[in-house]
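Working notes, structure below.
FYI, it's all coordinate maths here, none of it is from the lab. None of these values were measured; they are calculated from a predicted model. Neighbour counts run over all protein chains shown; Cβ positions are idealised from the backbone, glycine included.
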Amino acid sequence: MQFDSFTFLIFFALVLAIYNALPSWGARKNFLLGASYVFYAAWNPPFVLLLLASSTLDWWIALRIAGATDMRARKAWVVATLLINLLVLGYFKYAGFLLDNLNALLATVGIAHHPARPDIVLPIGISFYTFHSLSYCLDVYRSKFEPTRSWRDYALYVGFFPQLVAGPIVRWTQIGEQMTTPRGTTAQGLGLGLALLTLGLFEKIVLADSVFAPVADRAFDAIDKLDAAGAWVGMLAFSGQIFCDFAGYSTCAIGAAMALGFALPINFHQPYAALGFSDFWRRWHISLSSWLRDYLYVGLGGNRHGELATYRNLFLTMLIGGLWHGAAWTFVAWGALHGVYLALERGVREHLWPRGAGTPAALRFAYGAMTLVAVMYAWVWFRVRDFSSGWSFSGKLVDFGGIGAGAATSIEQRIAVGMFAAVVVVQVLCRNHDARALLARAPKPLLAIALAAMLILIVLSPGDNHAFIYFQF
């Protein structure tokens, strides 16, 4: 069940009506948990059992961690939850990938090994709800809070349908109090939530699926036929598509939760207006980047053991972050590129740019433009199917001999380039503001006209319906 489906609109309307008709907070939470499992079951009902088992096990282990009387027992329990969660995630997500690479490795020494490929279906959203559970248990281990004794509250925290399959990756410190405080739909929350839901659907259906996806698909599906101009247009189009697709989902999730009375953390904050790569990761997929920082980068040692170790930790964190996105070496390459970007940026700031030195406007503009181009190039490796395609596409980008011959002449290409430029300009202008604040402060007549226009464009959109890109992770 996708946010951009008619089925979800009916589902959400029923949830809102029944949720607010129930008299007690306990009954509302019971209903939300059941509705969340129905929402998840719409994809593949048997995997609800996996979600249920994972939630129950981590809730129980967290109680064991908190109740342990010595550090050795606490460590044993936290190691247990890490091993169980990562083994389950590894089996469903990486078993085929590991088998393929084992076969390739054996082939290099002359051993032909061709076992039947395991027929494993990837449970949707498993990476997201696994990270929910791990953050909870790790925070209990670090004594950040006492674990809840309510299985229902914990299961709802993990399975809450707006953020279940593609985030944001919410921590208990961000939502635990909301689970215990009675809430319901308010006029302000409903109005702002539906406005965010409309904005998110506009980003997904109109921009991602109708404007950017067709141009990006044509470019990446026919790399051999591209010239430099076509490659640049394709790269721009995919950069626009992945932002509008994923930011659109996050905006819908935040809006749906707000309509129910819950506040989810912001997941995107004008990332294409970033000034540098660390700034980009403070703005892109914020819940994942902060998770990797707090539980992986810090766990590896962070910046506590010298400069070289800091660069290593940055690189490894982004490498693993790339692999989290998918079982393919192209995702690892994408993560490695960002690891190199972050390490180089840190080195320049430490050794070549004095602390506290002012930055002229022209240099800030150049730095922002360089950041955007480098981020867009990394998206090439996120999109291509294999390394051969990635190198071929990279070569097309610098084949300047034909840059005039295949300029963006089709109306679809021109619209895609123009809309991407508009997205970047809007993000630069709104660099220090998020959508919730802007919508809340917008004049009501102007907001009504804008939302009506978005709804009309959504209804008239001719684009094919694509599954949200991050559903595969």
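Numerical summary
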{"item": "Set of lysines near Lys93 by C-alpha distance (under 28 Å), chain-local residues within fewer than 8 positions excluded", "result": "Lys75, Lys204"}
{"item": "Aspartates and glutamates with Cα under 18 Å of Lys396, excluding same-chain neighbours fewer than 8 positions away", "result": "Asp217, Asp221, Asp224, Asp227, Asp386"}
{"item": "Convex hull per residue volume in Å³, alpha carbons only, for the stretch 6-183", "result": "138 Å³"}
{"item": "Charge dipole (debye, nearest 20) of the stretch 6-183; +1 at Cβ of Lys and Arg, -1 at Cβ of Asp and Glu", "result": "360 debye"}
{"item": "Length gained when the stretch Ser410-Ser5 is fully extended (0.36 nm per residue, less Cα-Cα span)", "result": "142.8 nm"}
{"item": "Inter-label distance, nm, simple model (7 Å from Cα along the C-beta direction), Leu87/Val109", "result": "2.6 nm"}
{"item": "Cα pair count fraction exceeding 14 Å, expressed as % - the stretch 224-285", "result": "66 percent"}
{"item": "Potential lengthening between Ala17 and Trp391 on full extension [0.36 nm per residue; Cα-Cα distance subtracted]", "result": "129.4 nm"}
{"item": "Hull volume in cubic angstrom per residue (convex hull over the Cα atoms of the stretch 189-464)", "result": "160 Å³"}
{"item": "Inter-site label distance for Arg431 and Leu363 at 7 Å from Cα along Cβ, in nm", "result": "1.5 nm"}
{"item": "Dipole axis of the chain (+1 Lys, Arg; -1 Asp, Glu on Cβ), positive-most option in Ile458, Phe31, Leu342", "result": "Phe31"}
{"item": "Kirkwood-Stokes translational diffusion coefficient of the chain, alpha-carbon pairs, 37 °C, 0.692 mPa s, µm²/s", "result": "137 µm²/s"}
